[in-house]
1. Does any residue of region 73-95 turn out to be of a type in the set (Gly, Ala, Ser), over 22 Å from residue 186 (Cβ atoms) and in contact (Cβ under 8 Å) with a residue 40 or more places away in the chain?
2. When region 1-31 is examined, which residues are found to be among the β-branched types (Val, Ile, Thr) and within 16 Å of residue 180 (Cα to Cα)?
3. Name every residue in region 105-134 that is small (Gly, Ala, Ser) and either assigned to a helix (DSSP H, G or I) or without any contact (Cβ under 8 Å) to a residue 60 or more places away in the chain (or both), in order of residue number.
4. Here are some residues: 164, 148, 139. Which one is touching a Leu at 6+ places or on another chain (Cβ under 6 Å), of a type in the set (A, V, I, L, M) and not in a loop (DSSP other than H, G, I, E, B)?
5. Taking region 101-159 only, how many residues are buried (at least 18 other Cβ atoms within 10 Å of the Cβ) and either of a type in the set (A, V, I, L, M) or touching an Asp or Glu at 6+ places or on another chain (Cβ under 7 Å) (or both)?
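The values are calculated or read from the model by the stated rules, or taken from the named source; none is laboratory data. Treat the numbers as computed from the prediction; the structure is a model and nothing was measured. Quick reminder, even Gly has a Cβ in these numbers, built from the backbone with ideal geometry, and neighbours come from all protein chains shown.
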Amino acid sequence: MLTSYTIAVIGGTGPQGKGLGYRFARHGHTVVLGSRSAEKAVPVAEEVAARLTGVDGAGAVSGAANAEAVAQADVVLLAVPWDGHDELVGSLDLAGKTVISCVNPLAFDKRGAHGAVVDAGEGSAAEHAQQLAPEATVVGAFHNVSAVHLWGEYDYLDEDVLVVGDVVEAKQVAQDLAVAVTSRRGIDAGKLRLARVLEPLTAVLISVNRKYKVNSGLRISGLEGIER
C-alpha cells in the first residue's frame, strides 16, 4: 500500500498542474490547487472535484492561494512557467517540504521549440528551486508527461516518469506519485543535475507532436521485472 500524501500543486490552474492534480486525487491523494489568488484556484478545484464524482477512493480537492496551499501540504509540486519562476518560488515557505519540480524552461522561435539555456548550461529550473529553498528537498519529475493525456479519459498513461534528485527518500515520494499517472512507480534517473537534460527534452517531444499530430511520451525499455 503506497503512502497517501497531501499535495499542493503550485500552478494548479494551468493545464499541467490541473491534470496532475486530477490524477493524484483520482488515486486517493489529497490535493490543494494553488494559484496567486484563491478566487482563481477554487473554481478549477471544483471542476476537478466534479470530474471525480463517483470515483471510488478519490481524494479531496480544494483551491487556495499559493501560500495557504503550501502550508497545508506534505509535498509541493511546482507546475509554473519558467518566466517568473524564481520570484514565485522564492516567496513560498518551502522549508521541510518535499518539492517536485516539473518546470520546463523552454524557448520558441521560427524553427520551433528548444530548451532555454539556464546558467550557461550548468543549471535547471529544479536546481534553481533548490537554491531558492535550501531547507526543502527538491526533485525533478513529470517533465515529459502530456497535459492533454493527463486530463484525458485514459485510466493510466502508457509511459514512464523519470525522477531526478540528490535525496533517495524524496525521489521515492515522486516515484510513488507516478503510480497515479502510469500505474507503476517512477524511475530513479539519477542526480538533480540531470534535470538539465530532462527539462529541455520536452522540446523534443513537442517537435514529435508537431510532426506526427500526437501527444507523445517516454517509455524506458529493459526494466521489466526489476523493482523500482
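1. yes
2. 3, 6, 7, 9, 30, 31
3. The answer is 107, 120, 121, 125, 126, 129, 133.
4. None of the other options fit; the residue is 164.
5. 21
Let's see how each residue does on (1) surrounded by fewer than 21 Cβ atoms within 10 Å (Cβ to Cβ); (2) at pLDDT 95 or above; (3) more than 17 Å from the chain's Cα centre (by Cα):
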residue	(1), (2), (3)
12	no, yes, no
16	no, yes, no
34	no, yes, no
49	yes, yes, yes
54	yes, no, yes
59	no, yes, yes
64	no, yes, yes
